[in-house]
Amino acid sequence: MEFSEQQVRQLKAKLKPRYVKTRQGEGARRMPGPSRSAAMLANRLRQTSDSVIATTFLTAKGRVARVMLELARVCGERGRLDIALPDAIRQIDIAAMAGLTRETVNRVLVEWEHDEIVKRTSRRYFIADVGAFERELAEINC
């Protein structure tokens, strides 16, 4: 079977790898489309796996610490001595993210307030001792 020049060009165009930009700006590099999709899928799977592991093996304190550290990383405002979580974050939100009841989250936060790991105003939570959260999470990773 013979292919015409036009058919050959069309086949080559279809077989040519498609590229997508992964970053903007000077350091931009190109990555094949399927690889980007695979990387996104792998990242999502890793997040789900971490969530299942946390729910299975971490204590209530560890789960609350994990959620608060993630919130601080994603949307916290770093001050001189602490990290402020957004006003909109309530105990019920932390409980939902950690897979706990609001009462359990309240008990953990009150204990941490007593130990001066977390500070609370009428509308916000502040993480005063990030190291204490990391130690709580490290206990399970030994």
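Tell me which residues, restricted to the stretch 98-108, are assigned to a helix (DSSP H, G or I) and out of contact with any Lys or Arg (no Cβ under 7 Å at 6 or more places or on another chain). I'd like the intermediate steps shown before the answer.
We begin by selecting, within the stretch 98-108, every residue assigned to a helix (DSSP H, G or I); these are 98, 102-108.
Scanning the stretch 98-108 gives ARG102, GLU103, THR104, VAL105, ASN106, ARG107.
For the stretch 75-97, the set of residues classified as free of Cβ contacts under 8 Å to residues at least 40 places away in the same chain, out of contact with any Asp or Glu (no Cβ under 9 Å at 6 or more places or on another chain) and either of a type in the set (Gly, Ala, Ser) or not in a helix (DSSP H, G or I) (or both) consists of GLU77, ARG78, ARG80, ASP87, ALA88, ILE89, ARG90, ALA96, listed by residue number.
Would you mind stating whether VAL20 is at pLDDT below 70 and surrounded by 12 or more Cβ atoms within 10 Å (Cβ to Cβ)? For VAL20, the condition - at pLDDT below 70 and surrounded by 12 or more Cβ atoms within 10 Å (Cβ to Cβ) - is met.
When residues of the stretch 127-142 are filtered for being surrounded by fewer than 16 Cβ atoms within 10 Å (Cβ to Cβ) and at pLDDT 75 or above, how many remain?
The first filter runs over the stretch 127-142 and keeps only residues surrounded by fewer than 16 Cβ atoms within 10 Å (Cβ to Cβ), leaving 131, 134-135, 138-142.
With the extra rule that they be at pLDDT 75 or above, the set shrinks to 131, 134-135, 138.
Selection size over the stretch 127-142: 4.
The values are calculated or read from the model by the stated rules, or taken from the named source; none is laboratory data. Since we're looking at a predicted model, the values are computed, not measured. Neighbour counts run over all protein chains shown; Cβ positions are idealised from the backbone, glycine included.
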